[in-house]
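The values are calculated or read from the model by the stated rules, or taken from the named source; none is laboratory data. Given the structure is predicted, the values throughout are model-derived calculations rather than measurements. Heads up, the Cβs are rebuilt from the backbone with ideal geometry, glycines too, and the neighbour counts pull from every protein chain shown.
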Amino acid sequence: MARPAHYAASGIVVEKFVVGPFENNVYVVRCTRTGEAVIVDAANEHDLLLGVARATGVRRVLTTHGHWDHIQAVTALRDAGIDVGVAAADAEMLPGYDFVIGDDDVIAVGDLRIRAIHNPGHTPGSTSFLVEGHPLLLTGDTLFPGGPGNTQGDPTAFAEILASIDRRLFTLPGDLLVLPGHGLDTTLATERPHLDEWAARGW
């Protein structure tokens, strides 16, 4: 039986795979007209991801950030000829990469356009990916249901991630579906009213 899509609409299918001991979410975003696809975060279980890549036409990986649990399959995918991209500020955290993803870069995946949004705080190069024309925002470990990603008690990084979420994400339409790096989906409208609570609690 075919695996149900995590999200599907005219021109796009998104599949979600939960991999590794930290239950990382890996997303495959595919243009249904051309068959072109990307993986967001080559986190773990490289044999699974290589099979998915071969089956779905993946030629590139977009990395949300350089923490080790999100990059365990990078070497295997690169060895298979799949290009890996990451923000410059996190590039040295990866075992290797092929292209740099700049803030506001628009990445073409067939007919789809995926815009990179720099969200420093969880790491210096943390990046979210907005699928233009579709209500989809892939946030890595920047935004989860219930708050921002962990900043390890660093007040500067915490202020940075809150400001980034407020100015770069919460200015987007509230109906955007947030696909985080771990756990369940949420929406911007669900999370936006709680920003002051997060600031007050300090995490």
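At a glance:
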item: Residue in segment 103-115 that is charged (D, E, K, R), surrounded by 15 or more Cβ atoms within 10 Å (Cβ to Cβ) and more than 20 Å from Leu136 (Cβ to Cβ) present; result: no
item: Subset tally (residues that are of a type in the set (Gly, Ala, Ser), assigned to a helix (DSSP H, G or I) and within 27 Å of Phe144 (Cα to Cα)) for segment 1-57; result: 1
item: Residue list for segment 9-40, restricted to those being closer than 15 Å to Leu179 by Cβ, without any contact (Cβ under 8 Å) to a residue 24 or more places away in the chain and exposed (fewer than 15 other Cβ atoms within 10 Å of the Cβ); result: Val18
item: Residues being under 16 Å from the mean Cα position of the chain (by Cα) and buried (at least 17 other Cβ atoms within 10 Å of the Cβ) - total across segment 56-88; result: 19
item: Asp175 without any contact (Cβ under 8 Å) to a residue 60 or more places away in the chain, within 29 Å of Arg54 (Cα to Cα), in a loop (DSSP other than H, G, I, E, B) and among the charged types (D, E, K, R); result: no
item: Set Ala2, Ala43: member being among the small types (Gly, Ala, Ser), modelled with pLDDT under 95 and either more than 16 Å from the chain's Cα centre (by Cα) or within 22 Å of Val178 (Cβ to Cβ) (or both); result: Ala2
item: Enumeration of residues in segment 163-194 that are aliphatic (A, V, I, L, M), in contact with a Gly (Cβ under 9 Å, 6 or more places away or on another chain) and surrounded by fewer than 19 Cβ atoms within 10 Å (Cβ to Cβ); result: Ala163, Ala189
item: Residue check, Gly96 in contact (Cβ under 8 Å) with a residue 12 or more places away in the chain, surrounded by fewer than 21 Cβ atoms within 10 Å (Cβ to Cβ) and over 17 Å from the mean Cα position of the chain (by Cα); result: yes
